[in-house]
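What follows draws every value from the coordinates through simple rules; no lab data is involved. The shown structure was predicted, so the numbers you read here are calculated from the model rather than taken from an experiment. Neighbour counts are summed over all protein chains in view; Cβ atoms, including those assigned to glycine, are modelled from backbone coordinates with ideal geometry.
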Amino acid sequence: MKRIHLIYGSILGLCSILLSLALVSLVEGESKKPNVLFIVIDDMNDWTGFLGGHPQAMTPNMDSLARRGVNFTNAHCVVPACSPSRLALMYGVEPFNSGLYPFYKSIQILEPELAQFTSLPMLYKKNGYQTFGAGKVHHKSEFPEEEWTESFVSKKKKLVFNAKAGYRQGRSRKLAFCPTKNPLKDHHDYQVASFGVDVLSREHDDPFFLAVGIVKPHLPFVCPEPYFDLYDEPIQPPAIKADDLADVPWAGRAMSMNYIRHERDFRQDEAWEIVRRAYLACNSWVDYNVGRILEALAQSPYADNTIVVLWSDHGFHLGEKRSFKKFTLWEEATRVPFIIWDTRDGSAPLGRECKEAVSLINVYRTLADLSGLETPEYVDGVSLRPQLADPSIEIDEPAIITWGRGNYAIRDEDWRYIRYFDGSEELYSHQDDPNEWNNLAEMSEHEATKRYLASFLPEHEAPLIRTGIGLWNSVDADQPDLEKTKSIWAEINETLTPPLD
Ligand SMILES: [Ca+2]
Ligand SMILES: [Ca+2]
């Protein structure tokens with residue numbers, strides 16, 4: 001009997017030890033919630049080393065990040081425009097579910113509409129995180145007070161452009177493509193990266209969510225001279241088909257016509273090479289600043305307990321499809337850098353790539369999942385946790401890209417299907433035609449493919465939220481004036497070499 005008691009006693013003792021160990025590890029687990037380093041880039045397309053969109057691109061720090069984490073090589077923005085892209089990602093909601101299709105003047109104006117949603121930094125803050133933000137995370141470097149423990153807006157210094165070493169179109173400071181003469185610390189991206197470095201060098205009792213919003217390569221394409229000096233060889237132009245738009249419906253041409261005059265002027269001024277060199281230089285400048293933040297992380301106590309995510313709000317055309325800028329539903333405007341590196345997974349092999357078409361709408365659920373936070377029910381997308389464990393795992397849904405109510409691109413591994421508000425269509429085979437030159441939408445043999453891809457178009461579209469609309473682009477995209485497009489086409493075609501069709 002005594003022996004039985006002893007055994008029971010030992011079992012009970014063992015159980016209570018195990019229980020307390022479990023509690024300790026639970027408490028430790030609690031205090032060891034992962035930190036998040038959230039790096040946002042503005043207007044960076046696939047002209048990086050790790051995406052291979054331009055053979056001369058030099059981005060060694062981001063390449064190294066891509067090698068250590070999972071490099072999503074077929075990632076696409078939710079909207080090819082700053083304000084709505086960021087609204088969708090930061091609040092985790094597709095434009096066709098929120099009604100937030102276009103640019104808005106500020107997120108403050110949208111307060112009543114956004115009250116039903118929880119922004120990503122707010123989710124972390126509610127869960128006991130310290131939240132730090134610097135630069136352009138939301139559109140226009142806006143930091144709603146309640147979301148952030150501390151925020152940093154860069155100190156504006158007027159940059160002096162060395163236009164003689166580059167090119168400037170007219171008097172606009174936006175259309176400058178040249179080195180700056182200022183010290184590094186005068187530049188926005190240097191300052192916001194320094195804030196990131198500072199936060200990473202501090203001692204933190206609580207886990208943190210640190211967001212750093214870099215504004216290059218956004219126009220003007222200006223940055224310190226050493227990054228221009230990296231590109232002293234002739235710059236290889238992208239593959240461009242002169243009459244590429246001839247098989248594009250008018251609704252698609254309307255998106256391209258917004259900036260067709262720049263395309264013409266760059267040709268007339270023989271400036272395209274300088275413009276592209278300046279874009280590459282800015283990407284290398286961004287890379288330098290991302291490298292500073294990553295180095296600070298490596299030197300910090302948080303080096304093996306931080307989830308790093310890097311993304312760009314959309315891509316950029318540099319002459320492809322006779323287009324300049326973004327605001328289209330084609331590959332160069334929608335494909336973006338997207339990397340996730342969970343440093344807790346120290347044994348993960350290097351060089352993992354996920355080739356599945358994936359939308360940035362999935363960032364919200366993925367981060368919440370990896371951090372053990374409950375995702376609000378309304379949030380769109382899926383967690384990419386399975387792909388982080390095994391990048392070959394398929395994603396069921398293609399990426400959906402929205403530009404104005406009624407205009408969508410559906411991108412899967414092999415195809416891009418575009419449907420405009422007026423029912424007109426484009427279809428491109430990425431296996432045969434990675435430049436999206438040949439619109440196959442009219443060919444009967446692709447009817448089944450089109451039907452399959454069209455089945456992913458949203459069934460319901462939230463009405464456009466009109467409060468505080470900032471720019472005309474997407475309102476036009478919503479209901480473009482096709483007659484106006486036709487007259488621009490006719491007028492400008494006369495002055496374009498080679499002509500559009
Ligand atoms: Ca942008
Ligand atoms: Ca074409």
Per DSSP H run of n ≥ 4, the term is -39500 (n - 2.57); total these for the chain, divide by its residue number, and report the mean residue ellipticity at 222 nm rounded to 500 deg cm²/dmol. -10000 deg cm²/dmol
Between Thr495 and Ala165, how high is the FRET efficiency from 1/(1 + (r/R0)^6) when r is the Cβ-Cβ distance and R₀ = 22 Å? Nearest 0.05. 0.15
Point-to-point label distance, Glu270-Lys181, nm (Cα→Cβ direction, 7 Å offset): 2.7 nm
Cut-off 15 Å (backbone N to label point 7 Å along Cα→Cβ of Gln431), residues of the stretch 399-419: 412-416
Taking R0 as 35 Å, what FRET efficiency do you get between Ala303 and Lys155 from their Cβ-Cβ distance, rounded to the nearest 0.05? 0.75
Qualifying aspartates and glutamates (Cα of each under 15 Å from Cα of Lys325; at least 8 residues distant if same chain): Asp42, Asp43, Asp46, Glu263, Asp265, Asp313
Using 25 Å as the Cα-Cα cut-off, could you pick out the over-long pairs in Lys136/Lys484; Lys136/Lys157; Lys164/Lys241; Lys125/Lys216; Lys125/Lys355? Lys136/Lys484; Lys164/Lys241; Lys125/Lys216; Lys125/Lys355
What is the gain in length, in nm to one decimal, between Tyr378 and Gln479 on full extension, counting 0.36 nm per residue of separation less the C-alpha to C-alpha distance? 33.6 nm
Cα gyration tensor, the stretch 387-436 - rounded (a/c under 1.5), prolate or oblate: oblate
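Please work out how much length the chain gains when fully extended from Ala242 to Lys32, using 0.36 nm per residue of separation minus the C-alpha to C-alpha distance, in nm with one decimal.
Working: separation 210, 0.36 × 210 = 75.60 nm, distance 5.58 nm.
In short, 70.0 nm is gained.
How compact is the stretch 24-160 by the rule of thumb for globular proteins, expressed as Cα Rg over 2.2 N^0.38 Å?
Values: Rg = 17.5 Å, N = 137, 2.2 N^0.38 = 14.3 Å.
Taking the Cα Rg and dividing by 2.2 N^0.38 Å, one obtains 1.23.
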Stretched out fully, how many nm does the piece from Asp229 to Gln108 gain, at 0.36 nm a residue minus the Cα gap? 39.4 nm
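Within the chain, which is the longest segment that contains none of the GluC sites (Glu not before Pro) sitting in a DSSP loop with at most 12 other Cβ atoms within 10 Å?
The longest such stretch corresponds to 1-202.
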Provide the descending list of Cα extents for the stretch 181-266 along its principal axes, expressed in whole angstroms. 60, 34, 20
Rg(Cα)/(2.2 N^0.38 Å) for the stretch 266-395, N = residue count: 1.29
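Check each of the trypsin sites (Lys or Arg not before Pro) in the stretch 405-501 and keep only those in coil by DSSP with at most 15 other C-beta atoms within 10 angstrom; list them in order. Don't skip to the end; give the middle numbers.
On the way: sites: Arg405, Arg411, Arg416, Arg419, Lys450, Arg451, Arg466, Lys484, Lys486; in loops: Arg405, Arg466.
Those satisfying the criteria are Arg466.
Tell me whether the stretch 322-401 comes out rounded, prolate or oblate; compute the Cα gyration tensor, take square roots of the eigenvalues as a ≥ b ≥ c, and use a/c under 1.5 as the rounded threshold.
On the way: a/c = 2.16, a/b = 1.42, b/c = 1.51.
Taking the square roots of the gyration eigenvalues as a ≥ b ≥ c, the stretch 322-401 is oblate.
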Where does helix 482-493 land angle-wise versus the long Cα axis of the chain, in degrees 0 to 90, nearest 10? 60 degrees
Calculated FRET efficiency for the pair Gln116/Glu295, C-beta based, R₀ 30 Å, to 0.05: 0.15
Taking 7 Å along the Cα-to-C-beta vector as the label spot, tell me the Met443-Arg344 distance in nanometres, rounded to one decimal. 4.8 nm
For the stretch 378-501, what is the charge dipole size about the Cα centre, in debye to the nearest 20, if Lys and Arg each add +1 at the Cβ and Asp and Glu each add -1 at the Cβ? 500 debye
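State whether the stretch 377-501 is rounded, prolate or oblate according to the following rule on the C-alpha gyration tensor (a ≥ b ≥ c being the square roots of its eigenvalues): a/c under 1.5 gives rounded; otherwise a/b larger than b/c gives prolate, and the remaining case gives oblate.
Numbers: a/c = 2.09, a/b = 1.31, b/c = 1.59.
Oblate is the answer for the stretch 377-501, as a/c is 1.5 or above yet b/c matches or exceeds a/b.
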Over 10 Å intervals from 0, what percent of Cα-Cα pairs in the chain sits in each interval? 4, 19, 29, 26, 13, 4, 2, 1, 1, 0, 0
Degrees, to the nearest 10: 82-91 long Cα axis against longest axis of the chain: 20 degrees
Does anyone have the angle between helix 2-31 and the longest principal axis of the chain? Alpha-carbon axes, 0 to 90°, nearest 10? 30 degrees
15 Å cut-off, amide nitrogen to a point 7 angstrom out along Lys355 Cα→Cβ, residues in the stretch 404-423: 412-415
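Using the Cα centre of the chain as the reference point, and only Cβ charges (+1 on K/R, -1 on D/E), how large is the resulting charge dipole? Debye, rounded to the nearest 20.
Numbers: 52 positive and 72 negative charges, 362 e Å.
The dipole magnitude comes to about 1740 debye.
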